[in-house]
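Colleague: Quick one: the structure is below, and I'll ask about it shortly.
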Amino acid sequence: MAISRMIGATVRRKEDPRLITGASSYVDDIRRVDLLYLEFVRSPYAHARIGTIDFSRAADLEGVIDVITHDDIKDAVAPIPAGSLDDDTLKADRHPLAHGKVRLVGEAVAAVIADDRYIARDAAQLVDVEYEPLKAAVDVEKAMEADAPMVWEEHGTNIAYRYHVGSEDIDDALQKADRVFSYRYVNQRLIPNPMETRGVVVDPQPDGGFTMWTSTQIPHIVKNRIAEGLSIPENQVRIIAPEVGGGFGCKLNVYAEEYATAFAALRLGRPVKWIEDRTESFIATTHGRGQVNYIEVGVQADGQIVALKTKIIADLGAYHQLFTPAIPTLSATMMVGPYAIPSAYTEIFGVFTNKTPTDAYRGAGRPEATYFLERAMDQVANDMGIDPVEFRRRNFIRPEQFPYETPTETTYDSGDYEPALDRALELIDYQGFLKEQGTSRAEGRYLGVGFSSWVEICGFGPSKDMGMAMWESGTVRVEQSGKVTVLTGASPHGQGQETTFAQLVADDLGVPFDDIVVLHGDTALINYGVGTFGSRAAVVGGTALRMSTDKIKEKAKLIASHMLEASPDDLVYENGAVSVRGAPTRSVPFDDIAAEAHEFQVVPGDSGIEPGLEATSLFNPANWTFPFGTHAVTVEVDSETGEIELLKYVAVDDCGRVLSPMLVDGQRHGGIAQGIGQALFEGAVYDDSGQLLSGSLMDYTVPVASQLLSFVLDRTETPSPENLLGVKGIGEAGTIAATPAVVNAVVNALTPFGITDIEMPMTPQRVWKAIRAADDGGRL
Amino acid sequence: MIPAKFEYLAPESVEEVIKFLQDRGDNAQILSGGHSLIPLMKLRLAEAETLIDIRRLAGLDGIDESNGIIKLGARVTHSEIEHSDLIRDRLPLLAQTASVIGDPQVRNRGTVGGNLAHADPASDLPAAVIALKAQIELVGPDGSRTVAADEFFVDLLTTALEPNEVLTSISFPVPAAGSGWSYRKLAHPASHYAVVGVAVVLSVEDGRCVSASIGITGLGSKAARALGVESALLRGELSDEAIGSAAALAPDGFDPLEDIQASAEYRIEMARVYTRRAIVEAVTRAG
Amino acid sequence: MKVSISLNVNGVQKIADVEPRMLLVHLLRDQFGLTGTHIGCDTSQCGACTVMIDGRTAKSCTVLAVQAEGSDIATIEGLAKDGELDRVQEEFWNEHGLQCGFCTPGMIMAVKELLDRNPNPSEQEIRHGVDGNICRCTGYHNIVKAVQAAAGAGI
């Protein structure tokens, strides 16, 4: 084995020089000759029948090339294939341009194509669409009622599916418990808001195919789906995910706009660009979360949890996007969290509403589960008079129980939960803080501390269990000079795989980090790929690369055996050279082997060895990975105004082996900020007619720097036995853990008022109202 | 997002501006920093057939002091106010208020004249301008006139500006030496506008408040003086109770706004809390 | 009706014929090809489009190109001199102050002004100094560190 130098080292990212100088190319930076601009005409109603569409005024505008509606596109483009759980999931076919009815504000009804983006915008305003407005199903629980407005009349119900998992004897188990506690939690809709909105450029090719640049996390999936939808052979479709300015799950999809833009470009025989503006992004790009959770917890007198039953009501929105129905099932899978709860059962109701579809948003289903569980852990502990930390500790799955099989049909790979909790307690100075809390309460100041112990399922994943291809590819190509080109299917959107994977390959092959170039995001360059989501890139994509470097090393030994005139069995690959075991001076360096692999001047023709030094591997994991940790946060609440100040934030996470510590911490920072965002600031607000009231960055708070603080981070390291690298994934840890920790801290601060829950986002007004409502009772 | 087409004029004198305003009537808008107008035009919530850019006008830039009056040209930016030594020294309330408007880039472009003429009900500056008893100079076809700040704001996005008038300067009497001051705001977390903002100028002699001037923004459809609070303060000593009961009058005379961030009820209560806190801070600064 | 304007961009004198409604950011990106300045929102919140106009930061999506007539504009592309990164760029790289990079050019321009006005900012001053720029990736933690490092290095 080479001495590990790069894995685990702090290195500056390979990506950054182009990003800090403005030299990088995002989709809107792509320029083509004769480029046209497309603008969508979108529904102002959440639910309406479409009458006539009169685009004569738009078509007359100088510079307008074309106007497209459903009638133009219907024969050429199939409805967008929707995600479903099984055959019983009610259908919700979406056409790239609305057909008959619009089911959400922002649904595209027509597309205008013009010479210039200013003219396209003007023309879109001149398209006159007749609508017959219908009542909208907005509130998810009301939408379940029989007399609710029907998003899909043909189904006669808004309940798209019911799904259950877990112990069938749950009611018995609850009955046997000493005490049963029931709570309701709301996990509000969030709007992902990557700083780069979506965008598409399509350039038709003479062979009838096209090249598409699209801001996506999954270029290969886009390729297959779009090719199928437009009935073009997939080998004539090239998808490029150029620099992608963040995704957080909302670019883990195949969108109507991608189909429509491709159609327009093919129809006109000219390149067409569509760039989503922020206002569109708020309504046209998938949202996240959107669950109501009912939870029952059965606990023995000694504080042992024996049963957990939940009902998950999931607000799906009007259409099934790629993973819309699947996301809530991840909440069910992870409902017992890090606790050894013998009986657990969930039933999910997936419900249509006249709103933007929900789908993956950083954490995707696991933050929801962690939220209802960790909130309940605090509430039960308080109701039973047990310290919430002690309550968690008492129920943790113990290290010797791994691999641990949960009642929700999942096997946790490895874990050791107490050390992370202990370290978090130490860093937050729990005992010291409790003293300070007591003193300050006497002064009328309200300080609180909150915890969240989390475990998640990631490293997506075993293809068969996930119902679609979830392997990843990794190619290692050694150039003639010994430089190494790495190709990964795990196309990143800010995570820094060019750096992490170079660290990995540098150590594996013993070559300099600077000699490695990592390529990604182009289906013409990368044969196979799935993408970056579900904290999978290092786990699945990284392992595929390790498989490839192992192959390279074996082949290097075969080639070197001829150069050294020794048997391959007597050779060792070490520190970027192959040498004869026990005779280190008989050695050939990597560069010489690379040259020989290409030139083939020593290896005899009858050796059976193929020229070249390149390997491709596809890794399909047998199981997921289960990173974990504990977060702790302290806050002060202004009881007069409801304003919350974050005092200290501690995160102790375990993502298995760490390839690149600086990047791992960066992922955690960003996730924590988004998790705090959900707790304190973010939430989609709709009126009764289905209009999004929080539809701009003036109304929807994406936190800025002065609303956050610096975080205190530490780690434990428990390798995963599920992959060659021992890695577990870290991309989503922050959003999973942070939200309940913050809410727990605020509720803890307000214990003297008798407050037990506050709905998110905990805006000053919400907190103030809760204090005011509780003020007459319970104040100490 | 892209504005609709408009005619663009960049005259070089106030007279020309007025002439264009007269010619174009209601379809013309004056463009200063553009930080209120341009976003609305991009969203096509505001459309103007003509924009009259005042960037070429002479004499709208300076910050000058003479005879106890500090005069700001209409085109002075929030960041010029924030960083001006003269303003920080003589009108610290104004410097403080300017420093919490929007964000640094917005403050670099947004102008005092544009801000006041736009009369956003949640804008910070109007509270301070009212509390500081500024005089606003308007020039129209018949010459110039001045309007007191607390009479300038008429209603939501509506001011005393006549259709053919242009706001050219704002003059502030320098508060007496030893005056206390404060601007406190509950900021909207996304827009950074004031959900409620309270500006206070007061002076204290022998533990009693001898003058008080308070402007409140964000609460109602326009920024306005809190006359009830002012007179209550002048009546008594500055005990916690007295300040509290004076501050409790803050919402009087306002018809509170309501939006997804803050109900009328919450705004009313926050007006009281923030007024009390601003008064307390101003009292500690008075001396 | 187009208007002819001249302005200096990164030290180069430029002339352009623009519609009065053209936003400065579109002039820079679409006509001058300076695509390092990005567009992230419609309402002047995100700051991805931040450039310097006459030495002061501005959100170029909220400035008409005609308003910038006769001005000196500085964009991210002009920051590195003779192949040498600016100190702020260097520290963003060192401290992992960026992930997807989309907000980064605007953020760096904002930090340039912040340090120009206040060479030794406290953490709170740094945070308020970049309040006009939204980053969705870093939680600002490493941006703060990068600014501290740049300030420590002296600008």
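Each value in this text was obtained by applying a stated rule to the coordinates, not by laboratory testing. None of the values given here were measured: they were computed from a predicted structure. Here Cβ is always computed from backbone atoms with ideal geometry, including for glycine, and neighbour counts include all displayed protein chains.
Colleague: Among the helices of chain A (complete DSSP H runs), which have Cα atoms covering no less than 30 Å along the helix axis and a Kyte-Doolittle mean of at least -1.0?
Modeller: The qualifying helices are A:543-564.
Colleague: In addition: Mind jotting down the distance between the C-alpha centroids of segment A:13-70 and segment A:205-226, whole Å?
Modeller: For segment A:205-226 versus segment A:13-70, the Cα centre distance is 17 Å.
Colleague: Treat each spin label as a single point 7 Å out from the Cα along the C-beta direction, and report the A:Arg32 to A:Leu61 distance in nm.
Modeller: 2.2
Colleague: Gain in length, A:Glu645 to A:Asp116, computed as 0.36 nm per residue apart minus the alpha-carbon separation, to one decimal in nm?
Modeller: Stretched fully, the A:Glu645-A:Asp116 segment lengthens by 185.7 nm.
Colleague: Residue by residue through C:52-65, how many Cβ atoms from other chains fall within 10 Å of the Cβ on average?
Modeller: 5
Colleague: Taking neighbour counts of Cβ atoms within 10 Å as a proxy for exposure, in what order, fewest first, do B:Glu7, B:Glu165 appear?
Modeller: Neighbour counts put them in this order, fewest first: B:Glu7, B:Glu165.
Colleague: For the pair A:Leu434 and B:Glu7, how long in nm is the line joining their label points, each one 7 Å along Cα→Cβ?
Modeller: According to this spin-label approximation, the distance is 7.6 nm.
Colleague: Here's a follow-up. Taking 25 Å as R0, compute the FRET efficiency from the Cβ-Cβ separation of A:Asp688 and A:Glu153 and round it to 0.05.
Modeller: With a Förster radius of 25 Å, E is 0.80.
Colleague: Is there a simple number for the mean count of other chain Cβ atoms within 10 Å of the Cβ of residues in A:561-574, and what is it?
Modeller: Average neighbour count from other chains, rounded to a whole number: 0.
Colleague: Roughly what would the spin-label model give for A:Thr10 and A:Glu565, points 7 Å off Cα along C-beta, in nm?
Modeller: So the label points at A:Thr10 and A:Glu565 sit 5.1 nm apart.
Colleague: Quick one: what are the phi-derived ³J(HN,Hα) couplings along segment A:50-64, Karplus 6.51/-1.76/1.60 with θ = phi - 60°, whole Hz, x for glycine and proline?
Modeller: Result, rounded to whole Hz: 8, x, 6, 10, 9, 10, 4, 5, 5, 5, 6, 5, 4, x, 7.
Colleague: Just rank A:Glu228, A:Glu276, fewest to most, by other beta-carbon atoms within 10 angstrom.
Modeller: By the 10 Å Cβ count, ascending, the order reads A:Glu228, A:Glu276.
Colleague: Please list, or write none, the lysines whose alpha carbon is within less than 24 Å of the alpha carbon of B:Lys133, excluding same-chain residues fewer than 8 places away.
Modeller: Of all the lysines, those that pass the test against B:Lys133 - Cα under 24 Å, at least 8 places apart if same chain - are B:Lys71, B:Lys185, B:Lys222.
Colleague: Also, quick follow-up: Please state the relative contact order of segment C:1-121 as a whole percent: Cα pairs under 8 Å, 6+ residues apart?
Modeller: In percent, rounded to a whole number, it is 27.
Colleague: Once you have the Kirkwood Rh of segment C:9-155 from its Cα pairs, apply Stokes-Einstein at 37 °C and 0.692 mPa s and quote D in µm²/s.
Modeller: Result for D is 213 µm²/s.
Colleague: What pairs in A:Lys435/C:Lys145; A:Lys273/A:Lys728; A:Lys464/A:Lys551 have C-alpha atoms more than 28 Å from each other?
Modeller: A:Lys435/C:Lys145; A:Lys273/A:Lys728
Colleague: Let me ask another. For segment A:443-462 and segment A:673-746, what is the separation of their Cα centres, given in Å?
Modeller: 10
Colleague: If you scale each eigenvalue of the Cα gyration tensor by 5 and take the root, what three semi-axes come out for segment B:131-192, rounded to whole angstrom and sorted largest first?
Modeller: For segment B:131-192, the semi-axes come out at 26, 20, 9 Å.
Colleague: If you average the sequence gap of Cα pairs under 8 Å that are 6 or more apart and divide by the length of chain A, what percent do you get for the contact order?
Modeller: Dividing the mean separation by the residue count of chain A yields 15 percent.
Colleague: Using helices alone, what [θ] at 222 nm do you get for chain A, with -39,500 (n - 2.57) per DSSP H run of 4 or more residues, divided over all residues and rounded to the nearest 500?
Modeller: -8500 deg cm²/dmol
Colleague: Compute the distance from the alpha-carbon center of segment A:260-310 to that of segment C:128-148, in whole Å.
Modeller: 26
Colleague: Right, here's the next one. Build a GNM of chain B with springs between Cα atoms under 10 Å: which of B:Lys222, B:Lys185, B:Lys19 gets the top mean-square fluctuation?
Modeller: B:Lys19
Colleague: Going by amide H atoms built from the backbone, whose H comes under 5 Å of the H on A:Gly199, apart from near neighbours?
Modeller: Distant-sequence amide H within range of A:Gly199: A:Ser215, A:Glu276.
Colleague: Fewest first, what order do A:Trp152, B:Trp181, A:Trp454, A:Trp624 take by the number of other Cβ atoms within 10 Å?
Modeller: A:Trp152, B:Trp181, A:Trp624, A:Trp454
Colleague: Can you work out the Karplus-derived ³J(HN,Hα) for every residue in segment A:516-533? Use 6.51 cos²θ - 1.76 cosθ + 1.60 with θ = phi - 60°, whole Hz, and x for glycine or proline.
Modeller: Whole-Hz 3J(HN,Hα) from phi for segment A:516-533: 10, 10, 10, 10, 6, x, 9, 5, 7, 9, 10, 5, 10, x, 10, x, 10, 5.
Colleague: Please pull out the direction-averaged projected area of the protein assembly as shown, using the convex hull of its alpha-carbon atoms, in nm² to one decimal place.
Modeller: Here the figure is 49.7 nm², rounded to one decimal.
Colleague: Further question on the same structure: Under a 5 Å amide H to amide H cut-off, with H placed in plane at 1.01 Å, what residues pair with A:Ala160 once short-range neighbours are removed?
Modeller: For A:Ala160, the qualifying residues are A:Gly350, A:Val351, A:Phe352.
Colleague: From the helices alone, meaning DSSP H stretches of at least four residues, give me the mean residue ellipticity at 222 nm for chain C, per-run term -39500 (n - 2.57), in deg cm²/dmol to the nearest 500.
Modeller: The per-residue figure over chain C is -8000 deg cm²/dmol.
Colleague: Could you sort out which of A:Lys355/A:Lys769; A:Lys355/C:Lys59; B:Lys5/C:Lys2; A:Lys135/A:Lys355; A:Lys176/A:Lys309 sit more than 21 Å apart by Cα distance in this structure?
Modeller: The answer is A:Lys355/A:Lys769; A:Lys355/C:Lys59.
Colleague: Explain nothing, just compute: Karplus ³J(HN,Hα) = 6.51 cos²θ - 1.76 cosθ + 1.60, θ = phi - 60°, for every residue of segment B:211-220 in order, whole Hz, x for Gly and Pro.
Modeller: Residue by residue, segment B:211-220 yields 8, 8, 9, 10, x, 10, 10, x, 6, x Hz.
Colleague: How big is the shadow of the Cα convex hull of segment C:11-96, averaged over all directions, in nm²?
Modeller: It is 6.3 nm².
Colleague: Sticking with this one: Could you tell me the calculated FRET efficiency between A:Ser481 and B:Glu162, based on Cβ-Cβ distance and R0 = 60 angstrom, to the nearest 0.05?
Modeller: For R0 = 60 Å, the calculated efficiency reads 0.20.
Colleague: Can you give the FRET efficiency for A:Ala301 and B:Glu281, using 1/(1 + (r/R0)^6), R0 = 51 Å, r = Cβ-Cβ distance, to the nearest 0.05?
Modeller: That pair, A:Ala301 with B:Glu281, gives E of 0.45.
Colleague: Place +1 on the Cβ of every Lys and Arg and -1 on the Cβ of every Asp and Glu in segment B:15-82, take the dipole about the Cα centre, and give the residue among B:Pro39, B:Ile63, B:Thr77 whose Cα lies farthest towards its positive end.
Modeller: Of B:Pro39, B:Ile63, B:Thr77, it is B:Pro39.
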